[in-house]
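To start, the structure under review is shown below, and the notes come after it.
Every read-out reported here was derived from the displayed coordinates using simple, explicitly stated rules and does not represent laboratory data. From a predicted model like this one, the values you see are computed outputs, not experimental measurements. Virtual Cβ from ideal backbone geometry, glycine too; neighbours counted across all protein chains shown.
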Amino acid sequence: MGVCKRILVVDDDERVLFVLRRTLMRVSNGYEIVTARNSREALDEISARPFDLVITDLRMPGMDGVELTDKIRVLSSDTVMIWITAHGCHKVEAEVTRLSVYKCLEKPLKVTDIRQIVQEALRSINGQAPT
């Protein structure tokens, strides 16, 4: 099979990190799932090794998800980004386009949606069309 996909989940809410990590582990075809509680931790992780996919909350103390994505794009332009927010994706449409974000999802997240979108996003890395 292919190389293990590496996923980074960034959120300042420990419960969200727990649920997303558990959800992704159930989907896992050998995914490595790393969590970060803020943008600084996320940048440390990304600086240490590449990630195929980053799922980040938009509203976090300090550096928000948009600024984090800007910095990730400098380090790794081909990392697939998924944003999660409780404040409406319509408010960040311009940034989604500008930063080539794969998808913006609104909280509360549905586990089945997350699983499907993550699988589609990871297939897109290999040049496979989303289903």
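Based on Cα contacts under 8 Å between residues 6+ apart, the chain shows a relative contact order of 22 percent.
Of all complete DSSP H helices in the chain, not one has a Cα span along the helix axis of 24 Å or greater and a mean Kyte-Doolittle hydropathy of 0.0 or more. Within a straight-line Cα-Cα reach of under 24 Å, Lys5 can be paired with the following lysines, leaving aside sequence neighbours fewer than 8 residues apart in one chain: Lys71, Lys103, Lys110.
Recomputing Kirkwood radius over Cα pairs in Å from the coordinates shown identifies the correct label among (1) 15.6; (2) 18.1; (3) 14.6 as (3). With the helix formula -39500 (n - 2.57) applied to DSSP H stretches of n ≥ 4, the chain reaches a computed 222 nm mean residue ellipticity of -13000 deg cm²/dmol. For region 25-76, trypsin sites (Lys or Arg not before Pro) meeting the loop criterion (DSSP other than H, G, I, E, B) and having at most 16 other Cβ atoms within 10 Å: Arg37, Arg59.
Taking 0.36 nm per residue of sequence separation and removing the Cα-Cα distance, the Lys91/Lys71 pair yields an extension gain of 5.2 nm. Subtracting the Cα-Cα distance of Arg49 and Lys110 from 0.36 nm times their residue separation leaves 19.0 nm of extension gain. On the principal axes of its alpha-carbon atoms, region 37-76 has extents of 24, 16, 15 Å, going from largest to smallest. Between the amide H of Asn38 and those of Asp11, distances stay under 5 Å, these residues lying 5 or more places away or on another chain, with hydrogens modeled in the peptide plane.
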